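Data first, discussion second: the structure below is written as structure tokens.
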Amino acid sequence: MTPHSSLHPEAQHDHEQPILDVHNLSVHYTGHTALQNITFHLHIGERVAVVGPNGAGKSTLFKVIAGVQPPSGGAVSIFGSQPSGHACIGYVPQRSQVDWRFPVSVEDVVMMGRVARMGLFGLPRQADRERVRAALETVRLLPMAQRQIAQLSGGQQQRMFIARALAQEAELMLMDEPLTGLDSPSQEGLLELLDTLQQQRVTLLVATHDLQQAAEHFDKILLLNRRLIAFGQPAYALAPEKLTLAYGSSLQTVDTSCCGEEHLHA
Amino acid sequence: MLEFFLQPWQYDFMQRALLASVMVAVVCAIVGTYIVLRGMAFFGDALAHTILPGVAVGYLISGGDRGALFWWALGTSIFSALGIGALNKHAQVKEDTAIGIIFAGMFALGVALISTVRSYAVDLSHFLFGDVLGVSSGDLWRIGLFGALTLGLIFLFYKEFLVISFDETLAATLRLPVGVFNNLLLVLLATTVAISLQTVGVALMVAMLITPPATASLFTRRLPNLMSAAALLGAASALIGLYISYYVSVASGAAIVLTATAFFLLGLAVTSITAKSEKK
């Protein structure tokens with residue numbers, strides 16, 4: 001691991017520990033509870049879909065795991081220590097949260113992932129440029145590197161943020177609704193990219209609305225509605241009684257055996 | 001013809017006015033780029049107005065001493081910037097409402113204080129709209145020094161300010177000290193306000209901060225280009241504004257701001273015409 005930002009030396013990785021360990025986590029805002037008693041852990045290279053209704057606390061969970069928001073109770077640890085000491089957590093924002101008119105090119109955005117490694121007064125070095133180039137190549141955006149970000153399609157925009165997390169050398173990537181609003185070829189492209197990331201041993205935690213996609217493309221499902229309803233393989237976590245607990249009775253069941261044509265949307 | 005362009009600069013006060021307004025325009029444009037990108041235009045306008053009571057107290061205590069006025073302006077400006085910034089986090093009312101209340105209240109306090117002096121109409125108008133023709137060489141030094149300091153820090157922390165302005169969550173996951181940089185940016189904005197007081201005054205200052213970057217954003221796609229174009233537009237507005245002020249004899253601060261506004265409208269017209277012709 002290269003030395004970087006002297007203000008915040010990165011915590012050591014204890015590889016005996018799980019990459020992510022969430023223990024009895026609670027988050028309260030004034031007047032309501034966003035998350036209550038959440039406990040689960042992830043190992044390196046796992047690929048988990050986080051599903052639940054709107055307001056289930058998916059974004060809050062990601063913010064606490066990313067170490068951007070402190071929990072009200074319980075603990076989160078990354079390789080055995082607090083997330084706020086780690087720069088290895090990549091957060092891939094929802095596209096609707098981004099100011100697409102911001103005057104930056106695709107390459108500029110991906111280079112932002114290197115900022116912590118450059119140090120406080122540092123400029124991009126050759127190694128940083130190579131990382132950025134490699135990340136752009138992985139997500140197949142190299143020809144678009146000089147474009148302003150609004151000129152990308154939805155799928156390309158999503159891949160740009162994944163490239164940024166790659167440039168950051170993120171070992172855990174948190175993706176907030178990356179598939180939402182994409183057409184099906186772009187969704188296919190993104191799902192293929194998730195395969196590539198998994199081959200590179202990146203651990204993925206992906207929020208999604210689409211239960212069918214969650215069932216088909218993820219090793220494990222984390223079913224959330226303020227509390228952890230279920231965590232495990234799709235057949236277990238998306239069983240009808242679990243879904244009723246999470247969504248109420250308004251939902252049909254999901255075909256977890258395989259690949260129905262119709263996509264069930266929660 | 002040449003005579004027309006050279007004539008204003010045979011006066012020392014016009015030379016100082018040009019130097020001061022160009023320096024202020026460049027600093028305002030570059031700091032203002034972040035104000036525009038972060039949607040802080042109202043904050044910038046409010047901040048400029050809230051320094052009036054500080055300037056007024058300085059004025060009542062030290063009379064017309066420009067050096068003293070500058071320090072009062074700088075102190076009040078930094079205090080207000082960090083104060084409003086902190087208040088935003090804890091306010092019981094909406095952010096823009098809170099800013100509006102403080103801004104109007106402080107401004108009224110400033111007017112009230114200055115109105116206790118007999119010649120207040122003239123002095124007040126200088127604070128409100130600037131008095132660039134009255135810039136002293138001491139003013140020039142202060143503008144140059146603090147302007148250079150502000151730009152130096154903006155460039156030194158270029159990548160940090162860029163990341164924090166584009167994506168605060170990313171900045172936090174990269175473990176950058178987000179709060180420190182946000183406050184630093186507020187202090188730099190406050191410094192810019194203080195050095196601009198003499199040139200455009202508190203009421204017109206927001207125009208120097210946001211209009212040139214807004215114009216530049218119409219036809220640039222990357223931050224360094226946006227900043228350079230904004231600085232050029234600001235400097236050109238200062239130069240042309242002073243010519244207008246000299247030959248048509250209108251207030252110089254207003255002339256500079258009107259020139260910047262004209263550039264914006266021109267830019268808007270050009271971009272909408274080219275956008276239409278591209279569609280055809």
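Bear in mind these aren't lab numbers, they're just calculated from the coordinates by the rules spelled out. Given the structure is predicted, the values throughout are model-derived calculations rather than measurements. All Cβ positions, glycine included, derive from the backbone under ideal geometry; neighbour counts span all protein chains shown.
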- Which listed pairs, of A:LYS58/A:LYS220; A:LYS58/B:LYS89; A:LYS63/A:LYS242, have C-alpha distances above 20 Å, in listed order: A:LYS58/B:LYS89; A:LYS63/A:LYS242
- Task: Specify the residue with the greatest mean-square fluctuation among B:GLY253, B:GLY63, B:GLY100, computed from a Gaussian network of chain B linking alpha-carbon atoms under 10 Å apart.
- Result: B:GLY63
- What helices does chain B have that are whole DSSP H segments, at least 18 Å long along their own axis by Cα, and with mean Kyte-Doolittle hydropathy of 0.0 or more? B:12-37, B:66-90, B:95-114, B:137-156, B:178-219, B:223-248, B:252-279
- Message: Only counting other Cβ atoms within 10 Å, I'd like A:GLU107, A:GLU130 sorted with the fewest neighbours first.
- Response: A:GLU130, A:GLU107
- Task: Given the options A:PHE102, A:PHE121, A:PHE231, state which has the largest fluctuation in a GNM of chain A using a 10 Å cut-off (strictly under) for Cα springs.
- Result: A:PHE121
- Task: Describe numerically, in nm with one decimal, the distance between label points set 7 Å from Cα along Cα→Cβ at B:ALA86 and at A:LEU191.
- Result: 5.3 nm
- Query: Restricting attention to the alpha-carbon atoms of region B:209-254, what are Rg (one decimal) and Dmax (integer), both in Å?
  - Reply: 12.5, 38
- Radius, Kirkwood style, for chain B when every pair of distinct Cα atoms is counted (Å): 19.4 Å
- Message: With just the Cα atoms defining each centre, how far is region B:81-119 from region B:187-260? Give it in Å.
- Response: 24 Å
- With charges only on Cβ, +1 for K and R and -1 for D and E, what is the dipole size of region A:82-202 about its Cα centre, in debye, rounded to 20? 420 debye
- In whole percents, the bins of 5 Å from zero upward hold the Cα-Cα pairs of region B:1-130 as 2, 9, 15, 18, 17, 15, 11, 7, 3, 2, 1, 0, 0
- Query: From the square roots a ≥ b ≥ c of the eigenvalues of the alpha-carbon gyration tensor of chain A, which class results: rounded (a/c under 1.5), prolate (a/b over b/c), or oblate?
  - Reply: oblate
- Angle in degrees between helix A:184-199 and the longest Cα principal axis of chain A, rounded to the nearest 10: 70 degrees
- How far is helix A:154-167 tilted off the main Cα axis of chain A, in degrees rounded to 10, range 0 to 90? 60 degrees
- How many angstrom lie between the C-alpha centres of region A:99-123 and region A:136-181? 13 Å
- Query: Can you give the Rg to Rh ratio of region B:69-173, both from alpha-carbon atoms, with Rh computed by the Kirkwood formula?
  - Reply: 1.06
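Hey, could you get me the Stokes-Einstein D for the protein assembly as shown, Kirkwood radius over alpha-carbon pairs, 10 °C and 1.306 mPa s, rounded to whole µm² s⁻¹?
Estimated diffusion coefficient is 61 µm²/s.
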- Task: Could you please state, rounded to a whole Å, how far the C-alpha centre of region B:142-183 is from the C-alpha centre of region B:31-63?
- Result: 19 Å
- Message: If I fit a long axis through the Cα atoms of helix A:126-138 and take the longest principal axis of the Cα atoms of chain A, what angle between them do I get, 0 to 90°, rounded to 10?
- Response: 40 degrees
- Query: Arranged by the count of other C-beta atoms within 10 angstrom, fewest first, what order do A:ARG95, A:ARG140 take?
  - Reply: A:ARG140, A:ARG95
- Evaluated at q = 0.11, 0.16 Å⁻¹: base-10 log I(q)/I(0), Debye formula over Cα of region A:100-169: -0.22, -0.47
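Listed highest first by mean packing, meaning other Cβ atoms within 10 Å per residue, what order do B:203-212, A:84-93 come in?
B:203-212, A:84-93
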- Message: Between A:ARG101, A:ARG159, A:ARG129, where does the largest GNM mean-square fluctuation fall for chain A, given springs only between Cα atoms within less than 10 Å?
- Response: A:ARG101
- Mind checking the full-extension length gain between B:ARG66 and B:SER119? Use 0.36 nm per residue of separation minus the Cα-Cα distance, one decimal, nm. 17.4 nm
